[in-house]
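This report concerns only the one structure given below.
The values are calculated or read from the model by the stated rules, or taken from the named source; none is laboratory data. As the structure is a prediction and not an experimental result, all values here were calculated from the model. Cβ coordinates were reconstructed from backbone atoms using ideal geometry, including for glycine residues, and neighbour counts include every protein chain displayed. Keep in mind that these areas ignore ligands, DNA and RNA; they rest on the heavy atoms of the full protein, side chains included. Shrake-Rupley method; radii C 1.70, N 1.55, O 1.52, S 1.80 Å.
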Amino acid sequence: MHDQMPTAMPLLSRGKHRNPSKGACFMELASFLAGERWSDHPACTHPLLAGLARLVNDHTTDAARPLLAPLIPSVIGLAGDDPRIDARIALRCAISALPVVSHERQLALAVSVLSAEHVLSTLDGRPNGSVGEQSALALAQVPDAARWAYRFRRGVRVSAKGFRRYAAPNTVQLAVRGISEACVADPDAMLRKLLTDTIGDCAELVRHEAPVDRRRWEDACRLTRR
């Protein structure tokens, strides 16, 4: 899909926009390309993935935001009710942000890693307490936070429903804000990679062919370019 993009990229900007002539955020353009009503909460994309895309869009600098545009078609069609999607999104956000955010945020994100792994292990039938390789590597980079999180998690019950409703959205917000404020060389690149990797995670769970209308994409470019 990416090799079919037009050369003129649309102008992405922060926040909500009344229509394409006023500008567009990441998910508003996705709604337009999917043929839906203009909205930053389109039905074509999983709500938590859409939430991540909006946060990345808004926390990316104006100079780097246009680099997000080629990712827009890839979120169209990534929707479903599988609770593993929410857990995978939250887990990707937590392990990506964990090594670079402030200590206070590390404590919360380390708990998020363990909680997401618990939900996934329950849904996938893995042994309780098991964590994936990427999670183990992320936790190893913050040993103090990891030890605290393991102590905190003892005896705490986490349901897939509760995690999906409360913990997962909070994890996504905490991770994006933490990365945007982290003392790293290029937080924009980290946010873009986070969104790219999360899209890939979701695509593994949701088989789809994005119904992108090329004419709409070209119209979006024309209406929103400078």
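Helix 143-153 and the longest principal axis of the C-alpha atoms of the chain enclose an angle of approximately 80°.
Grab the Cα-Cα distance for Arg157 and Ser130, subtract it from 0.36 nm times how many residues apart they are, and report the gain in nm with one decimal. Gain in length upon complete extension: 8.2 nm. For the chain, the longest principal axis of the C-alpha atoms and the axis of helix 168-181 are separated by about 80°. Rounded to the nearest 0.05, what FRET efficiency do Cys183 and Arg14 have when you use their Cβ-Cβ distance and R0 = 30 Å? Efficiency, rounded to the nearest 0.05: 0.85. Each residue was assigned an accessible area with a 1.4 Å probe, and for His41 the value is about 120 Å².
Stretching the chain fully between Trp148 and Asn170 yields a gain of 6.0 nm (0.36 nm per residue, less the alpha carbon separation). Solvent-accessible area of the chain (1.4 angstrom probe, protein heavy atoms only): carbon and sulfur portion equals 51 percent. Hey, quick one: spin label on Ala63, modelled 7 Å out along Cα-Cβ, who in the range 178-202 has an amide N within reach, i.e. under 20 Å? Counting only backbone N, you get 179-194. Assuming a ≥ b ≥ c are the square roots of the Cα gyration tensor eigenvalues, decide whether the range 133-196 counts as rounded (a/c under 1.5), prolate (otherwise, with a/b larger than b/c) or oblate. Note, shape of the range 133-196 comes out oblate. Over the chain, accessible surface divided per residue gives 49 Å², non-protein components excluded, 1.4 Å probe. Taking a ≥ b ≥ c as the square roots of the eigenvalues of the Cα gyration tensor, the range 60-163 is oblate, since a/c reaches 1.5 or more and a/b is not larger than b/c.
Select from Leu123, Leu12, Leu49 the residue whose mean-square fluctuation is largest in a Gaussian network model of the chain (Cα-Cα springs shorter than 10 Å). Its mean-square fluctuation being the largest, the pick is Leu123. Calculated [222 nm] ellipticity per residue, helices only, for the chain: -17500 deg cm²/dmol; basis is -39500 (n - 2.57) per DSSP H run with n ≥ 4, divided by all residues, nearest 500.
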